[in-house]
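Novice: Can you read through this structure? Questions will come right after.
The values are calculated or read from the model by the stated rules, or taken from the named source; none is laboratory data. Computed from a predicted structure; not experimentally measured. FYI the Cβ positions are ideal-geometry reconstructions off the backbone, even for glycines, and counts take in every protein chain you see.
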Amino acid sequence: MQIAQVLSGFTAGEADILRRAMGKKKRAELEKQKERFVEGAHNNGISKDIAAGIFLKIEPFAEYGFNKSHAAAYAIIAYQTAFLKTYYPHEFFAASMSMELSNQKKLSEFYEELKRLSINIIRPDINRCYADFSSDGKNFLYALGAIKSVGFEAISKIVEERTKNGKYKDLTDFINRVNPKDINKLQLEGLVKAGAFDCLSENRQSLFNSIPNIILKSKNVFENNSANQKDLFQEENDLTYLDITEDWNVDIKLSKEFETLGFFISDHPLNQYKSLFNQYNIINYEEFNSNENILSSNIASTILKVQEKKTQKGTSYAIIKFSDLSGVFELFVFSDIFETNREILIEGNSVMITLVKNYVDENKIQKKINIRKIISMKEVIDKPINELKIKIKNIEDIEKINKLILEAGKTKVIIDVEDDKKRISFQLNEKRKIDHKTLNLMRNEENINVH
């Protein structure tokens, strides 16, 4: 393009037309451009033969020149990006994630990379985080503005108030200091579900149910302050606006987080099922994928993303992104398995998948991994336990066990008492109700071993 401009007097626009004609191999257009090139060069005192020769040398370059310049530009960007990510990871991720503030799928990928690099992430916190992603040098602070339904401008004003006048001491302090224009129902719901108010009140359901009261109280405080009035009957630590109720269970709490952030940040849903892993021979996907001797296994995972697609015949299949305690992975789900399990294949659900591995070549390099079976983890945890063996060292520990398994049920219970002198083994006359919550409670008791 520069040669055409300097040698033949092309404008920048004309030189671009020449480039396009060469790149797309439009013969008729190229002949026109050649004539114009040679004529322009001749007008600048260069013989037509030399100009035609130069044009013939430019033409084959057009086959690869554009690709080469593209590759060079991207190589420079790739190098710069790799440098920043390596030597300034906190700043790199803060900038990159702030650019994708409203793209939860992209943020989810960045979050997984932060975990892989062992960067300590501070989950949404109204007293520590900012509207954008940021870092204090040691910790990576999640952006409050990235929470679904939380407006960037409104949360910026709430953060500005905190920066100016100090952290919010409690919920009442927050209500007294924040302009009601900056907190509507959807914004507060997003902040509560993401756990941003955990530093002020740990009971998320209580806060969530109290949002209408919080908004009303905030408006009253603001109106009184505007009129320079004070409620004489209001106590300093008045919490009557709070709905008193039990907090959400782990499942609900994490599903609400997933709803607002697009991933799980305070905990992984699978941690509540870890007591089942040995019983069902559950291993991590990473181990299954890398160990060539394991050809089939159960994997516990949580569904992050479901991409439903159609075959030419119109039947549905899916590409599903899963997350387990070792990382994130994607699997292809064939039509029959997908249609059979459609009800449980929902983003945020935890499932146990039975995987089968087949090697395509003798060297065991190429492999295919297929899903044979999918079952909801809730269904797994609700399966009855047929027999339970409990080992204790002191006869006095039976009283602890008795308190935990009073209710009649369908599980046969065998107790082994083994001290330094003797061993006694006996079975309870009546079967007891044993669920996995009870098992976890027993495992947390000292001197009690459960099998």
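Novice: Looking only at residues that are crowded, with 16+ Cβ neighbours inside 10 Å and of a type in the set (Gly, Ala, Ser) in segment 303-334, which one is modelled with the highest pLDDT?
Specialist: Ala318
Novice: Still on this structure: If you scan segment 92-124, which residues turn out to be over 21 Å from Glu153 (Cα atoms) and charged (D, E, K, R)?
Specialist: Of the residues in segment 92-124, the ones over 21 Å from Glu153 (Cα atoms) are 92-93, 105-106, 108-122.
Within segment 92-124, Lys105, Lys106, Glu109, Glu112, Glu113, Lys115, Arg116 meet the criteria.
Novice: To continue, here is another question. List every residue pair whose Cβ atoms lie under 8 Å apart, where the two residues are 6 or more positions apart in sequence or sit on different chains, the first residue falls within segment 153-166 and is free of Cβ contacts under 8 Å to residues at least 24 places away in the same chain, and the second residue, located anywhere, is surrounded by 16 or more Cβ atoms within 10 Å (Cβ to Cβ) and not small (Gly, Ala, Ser).
Specialist: Glu161/Arg177; Glu161/Val178; Asn165/Arg177
Novice: Select from segment 371-392 the residues that are surrounded by 15 or more Cβ atoms within 10 Å (Cβ to Cβ) and not aliphatic (A, V, I, L, M) and write down the one among them that is farthest from the chain's Cα centre (by Cα). Break it down into steps so the answer makes sense when it comes.
Specialist: Start the filter on segment 371-392 by keeping residues that are surrounded by 15 or more Cβ atoms within 10 Å (Cβ to Cβ), which leaves 371, 374-377, 380-381, 385, 388, 390-392.
From the residues that got through so far, the ones that are not aliphatic (A, V, I, L, M) too are 376, 391.
Working: Ser376: 20, Lys391: 40 Å.
Among residues in segment 371-392 that are surrounded by 15 or more Cβ atoms within 10 Å (Cβ to Cβ) and not aliphatic (A, V, I, L, M), the one farthest from the chain's Cα centre (by Cα) is Lys391.
Novice: Taking the options Tyr79, Tyr111, Tyr74, name whichever one is farther than 18 Å from Val150 by Cα and either assigned by TED's automatic domain parsing to the domain that holds Cys199 or among the aliphatic types (A, V, I, L, M) (or both). Step through it out loud before you land on a result.
Specialist: Values: Tyr79 fails: either assigned by TED's automatic domain parsing to the domain that holds Cys199 or among the aliphatic types (A, V, I, L, M) (or both); Tyr74 fails: either assigned by TED's automatic domain parsing to the domain that holds Cys199 or among the aliphatic types (A, V, I, L, M) (or both).
After ruling out the rest, the residue left standing is Tyr111.
Novice: Inspect all residues belonging to segment 174-188 and state whether any of them is at positive phi and in a loop (DSSP other than H, G, I, E, B).
Specialist: Of segment 174-188, the ones at positive phi are none.
No, because not a single residue in segment 174-188 is at positive phi and in a loop (DSSP other than H, G, I, E, B).
Novice: Please name all residue pairs, on different chains or six or more residues apart, with Cβ atoms under 8 Å, provided the first residue is in segment 355-378 and is closer than 13 Å to Asn291 by Cα and touching a residue at least 60 places away in the same chain (Cβ under 8 Å) and the second residue is among the charged types (D, E, K, R) and part of a loop (DSSP other than H, G, I, E, B).
Specialist: Cβ pairs passing all conditions: Tyr359/Glu292; Lys364/Glu292.
Novice: Same structure, new question: Report whether or not Lys368 is closer than 29 Å to Tyr111 by Cβ and more than 24 Å from the chain's Cα centre (by Cα).
Specialist: Working: closer than 29 Å to Tyr111 by Cβ: no; more than 24 Å from the chain's Cα centre (by Cα): yes.
So Lys368 does not fit the description; no.
Novice: Within segment 107-120, which residues are within 16 Å of Thr260 (Cβ to Cβ) and not hydroxyl-bearing (Ser, Thr, Tyr)? Write out each step before concluding.
Specialist: As a first pass, look at segment 107-120 and keep what is within 16 Å of Thr260 (Cβ to Cβ): 107-108, 111.
The answer is Leu107, and nothing else.
Novice: Can you tell which of Ser206, Ser156, Ser218 is over 29 Å from the mean Cα position of the chain (by Cα) and either surrounded by 17 or more Cβ atoms within 10 Å (Cβ to Cβ) or assigned to a helix (DSSP H, G or I) (or both)?
Specialist: Values: Ser206 fails: over 29 Å from the mean Cα position of the chain (by Cα); Ser156 fails: over 29 Å from the mean Cα position of the chain (by Cα).
Only one candidate passes the filter, namely Ser218.
Novice: Right, something else. Mind listing whichever residues of segment 351-370 are loosely packed, with under 11 Cβ neighbours inside 10 Å, closer than 25 Å to Phe338 by Cβ and β-branched (Val, Ile, Thr)?
Specialist: Val360 - this is the single residue of segment 351-370 that is loosely packed, with under 11 Cβ neighbours inside 10 Å, closer than 25 Å to Phe338 by Cβ and β-branched (Val, Ile, Thr).
Novice: Hey, another quick one. Quick check: is even one residue across segment 173-183 surrounded by fewer than 19 Cβ atoms within 10 Å (Cβ to Cβ), over 16 Å from Val221 (Cα atoms) and either in the same structural domain as Asp243 (by TED's automatic domain parsing) or not charged (D, E, K, R) (or both)?
Specialist: no
Novice: Find all pairs meeting these conditions: Cβ atoms under 7 angstrom apart; at least six residues apart or on different chains; first residue within segment 117-131 and within 18 Å of His268 (Cα to Cα); second residue among the small types (Gly, Ala, Ser) and assigned to a loop (DSSP other than H, G, I, E, B).
Specialist: Within 7 Å, the pairs are Arg123/Gly195; Arg123/Ser266; Pro124/Ala194; Pro124/Gly195; Pro124/Ala196.
Novice: Something else: For the list (1) under 21 Å from Lys148 (Cβ atoms); (2) at pLDDT 90 or above; (3) of a type in the set (Gly, Ala, Ser), I need the number of the one condition that Ser255 fails.
Specialist: (2)
Novice: Tell me, which residue of segment 426-451 that is in contact with a strand residue (DSSP E or B) (Cβ under 7 Å, 6 or more places away or on another chain) and among the charged types (D, E, K, R) is modelled with the lowest pLDDT?
Specialist: Kept after step one, since they are in contact with a strand residue (DSSP E or B) (Cβ under 7 Å, 6 or more places away or on another chain), are these residues of segment 426-451: 426-428, 430-434, 439, 442-443, 447-451.
With the extra rule that they be among the charged types (D, E, K, R), the set shrinks to 430-433, 443.
Values: Glu430: 86, Lys431: 86, Arg432: 84, Lys433: 83, Arg443: 72.
Per the stated criteria, the residue is Arg443.
Novice: Let me spell it out: the conditions are (1) at pLDDT 85 or above; (2) touching a helix residue (DSSP H, G or I) at 6+ places or on another chain (Cβ under 7 Å); (3) in the same structural domain as Arg123 (by TED's automatic domain parsing), and Asp231 meets all of them except one. Which number is the exception?
Specialist: If we test Asp231 against (1) at pLDDT 85 or above; (2) touching a helix residue (DSSP H, G or I) at 6+ places or on another chain (Cβ under 7 Å); (3) in the same structural domain as Arg123 (by TED's automatic domain parsing), just (1) comes out false.
Novice: Condition first: out of contact with any Pro (no Cβ under 9 Å at 6 or more places or on another chain), farther than 19 Å from Ser108 by Cβ and without any contact (Cβ under 8 Å) to a residue 12 or more places away in the chain. Can you find one or more residues in segment 314-334 that meet it?
Specialist: For segment 314-334, residues out of contact with any Pro (no Cβ under 9 Å at 6 or more places or on another chain), farther than 19 Å from Ser108 by Cβ and without any contact (Cβ under 8 Å) to a residue 12 or more places away in the chain: present.
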